[in-house]
1. For the chain, the longest stretch holding no trypsin sites (Lys or Arg not before Pro) located in a DSSP loop with at most 11 other Cβ atoms within 10 Å is which?
2. Full extension from Thr51 to Val221: what is 0.36 nm times the residue separation minus their Cα-Cα distance, to one decimal in nm?
3. Which residue fluctuates the most in the chain, going by a Gaussian network model with Cα springs under 10 Å, if the choices are Thr77, Thr111, Thr55?
4. For the chain, what does the helix formula give at 222 nm: sum of -39500 (n - 2.57) over DSSP H segments with n ≥ 4, over the residue count, nearest 500 deg cm²/dmol?
5. With each pseudo-label sitting 7 Å past Cα toward Cβ, what's the Thr272-Ala37 distance in nm, one decimal?
6. Taking amide H positions as placed 1.01 Å from N in the peptide plane, with prolines and chain starts having none, which residues 5 or more places from Leu135, or on another chain, fall under 5 Å of its amide H?
7. In whole angstrom, how long is each semi-axis of the equivalent ellipsoid of the stretch 26-135, when you take the square root of 5 times every eigenvalue of its Cα gyration tensor and sort them from largest down?
8. Pairs of alpha-carbon atoms within less than 8 angstrom and 6+ residues apart define the contacts here; what relative contact order does the chain have, in percent?
Amino acid sequence: MWVETYPFSPWQDASNGLGGQDLSALCYVKCIADTGAAGTQVDQATVQVATAVDTITLRYAEGGGAIAADADINTYTGASGAAGTITTVDANANTVGEIINCINGMGVGQTATRRYRAALADVPPALATVASDLLVRAQTNILLGRNHPGLRILIDSSTVGLMAADDIWVGIGTSQGCIEGSSAWFPDYFEDIPGSSDVGGVNTPVRSSSINPRLTEQAVVRHYQYRITGFAIQALFATTANICVHDINNNVIWWEPLTAAAVTPFQDRSRTPIVGPVGSPLFFRFWGTGAITDGAVYVQAERRAV
């Protein structure tokens, strides 16, 4: 009996989408600590965002004690906030990448910790933050478990900073957030980031050991490559409308004008996909001029291991 077969494709689905403005995220964050500074079990952890003073505050409790600000977080060089606070207009914490580094306990001059994990979300790491870029969030639980992507720290689309023109960003290859091994390269070595990065260059290995430490012979790294094969946009700008696609280094690898004041039906690019560089997630931006009518942005995408 003849059976029709189809060739195997190395590409897997990596689509992502957002419901509209104020839903693009600066990063994912969660607590991954097994023990705290006193050596007992961490049993509470929260993140709080206050835009009035442009701060992200991390707190935890261990051994049944009271939750308190993590004093190791604001030890990066030039930190201006209170204990446990990352101030997003400080010189060493005013880009997406620097904020992620500080949450991960590897900011410039910071006392090294591995209590939290932060990962890229919808915007490139090189983008700079300005005052009031983030949406306010009350203390929210981030003790979320090993297989949870983490809490999304949301960006205020109406400020002139990360969202320069009421734009909407969608990350491709970042939606797994803080799940270990889910980055654009693997193994991602998150557990093996070395100790302190203090000003004197002294490496102080104060991190607790990994539950499953990497072995030297596991040092081979593989990468993912992402491509966009279509998109549909319900939001619209009144005067001009555009899309562009950035790589992890904030290079624009695709730019295209759209019809203003009109919903963009699904644009099939499967025959001519927008292909990113190996090892880099992609960041899809919808932007324009004139009044915006809010709506969803959907990006159809794929990935393959290289």
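1. Value returned for the longest uninterrupted segment is 1-145.
2. 57.3 nm
3. Thr77
4. Taking each H run of at least 4 residues, the total per residue is -500 deg cm²/dmol.
5. 5.8 nm
6. For Leu135, the qualifying residues are Leu154, Ile155, Asp156.
7. Listed largest to smallest, the semi-axes of the stretch 26-135 are 23, 13, 13 Å.
8. The value is 21 percent.
Every read-out reported here was derived from the displayed coordinates using simple, explicitly stated rules and does not represent laboratory data. These numbers come from a predicted model, not from an experiment. Glycine also receives a Cβ, built like all others from the backbone with ideal geometry; neighbour counts cover every protein chain displayed.
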